[in-house]
């Protein structure tokens with residue numbers, strides 16, 4: 001059994017140039033080399049691999065053999081990998097981050113998040129991204145613990161020492177319940193009526209807000225660490241609770257949830273800010289993300 005040699009990247013580059021331009025002469029012009037050098041490079045590559053890559057007989061233009069077609073896909077993959085490597089190294093030399101760890105508050109609208117990250121992938125294709133979705137103090141905790149370099153956090157962030165913030169938006173929270181919930185069936189909800197029913201409350205996975213409640217009216221609560229679970233239980237009529245408007249717009253239109261006209265809590269503004277450690281300011285790509293989040297929220 002024969003073992004092929006290891007071709008050089010330059011040999012593969014010559015091979016790809018011949019395929020892309022359609023002739024040895026055109027490949028020579030593209031690479032600024034003599035035709036004899038191109039021909040010699042292809043001959044050496046074929047010798048290394050032990051395969052004939054081009055059929056040179058009976059045609060003015062070299063045609064790929066079956067083996068050449070099989071090698072072509074792998075050669076293109078290697079060339080793409082080298083290009084990606086060069087781009088990443090250039091970014092590192094220019095001060096660009098190799099990876100960004102981003103934490104985002106669960107209240108942030110998912111459509112806006114998707115649009116920002118899609119644009120980020122186009123703008124910085126060599127920068128890897130780690131994304132975590134957290135609630136309340138757990139978002140800022142990711143930054144404080146150096147697990148995330150930047151975060152989109154709720155109002156707690158401004159209280160943390162050593163944290164810099166940039167306000168970017170606010171999300172409207174509405175009190176809602178299923179249409180068959182007792183509060184939803186009331187023609188007029190009297191003040192304090194929410195205290196007589198189970199309130200579904202989002203809780204914090206971090207110790208930063210231990211012992212603190214946000215917009216909790218009822219002494220009867222179910223505590224959930226997942227906003228999606230809270231959403232589902234609200235639709236099931238288990239209780240009432242505050243939800244971000246972008247997440248429940250479809251439910252309000254479909255009638256699977258109704259807005260509660262509660263006189264003592266009609267709605268809430270949940271402020272969001274980009275945050276980072278003061279001793280670890282964001283680099284170029286992370287700074288771009290902060291600007292894009294701010295711009296995206298201003299446009300919506």
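Residues that are touching a helix residue (DSSP H, G or I) at 6+ places or on another chain (Cβ under 8 Å), buried (at least 18 other Cβ atoms within 10 Å of the Cβ) and at pLDDT 90 or above, at least 3 per element: which strands (runs of 3 or more DSSP E) completely within the range 89-188 meet that?
Strands (runs of 3 or more DSSP E) meeting the threshold: 99-105, 150-153, 163-177.
Could we say that residue 237 is surrounded by 14 or more Cβ atoms within 10 Å (Cβ to Cβ) and on the phi > 0 side of the Ramachandran plot here?
On the way: surrounded by 14 or more Cβ atoms within 10 Å (Cβ to Cβ): yes; on the phi > 0 side of the Ramachandran plot: yes.
When the stated conditions are applied, residue 237 passes them.
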Single condition residue 280 does not satisfy, out of (1) in contact with a helix residue (DSSP H, G or I) (Cβ under 9 Å, 6 or more places away or on another chain); (2) in a helix (DSSP H, G or I); (3) under 30 Å from residue 128 (Cβ atoms)
(2)
Conditions (1) modelled with pLDDT of 85 or more; (2) not in a loop (DSSP other than H, G, I, E, B): number failed by residue 208:
(1)
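The values are calculated or read from the model by the stated rules, or taken from the named source; none is laboratory data. All values reported here derive from a predicted model rather than from experimental measurement. All Cβ positions, even for glycine, are placed from backbone atoms using ideal geometry, and neighbour counts span all protein chains on display.
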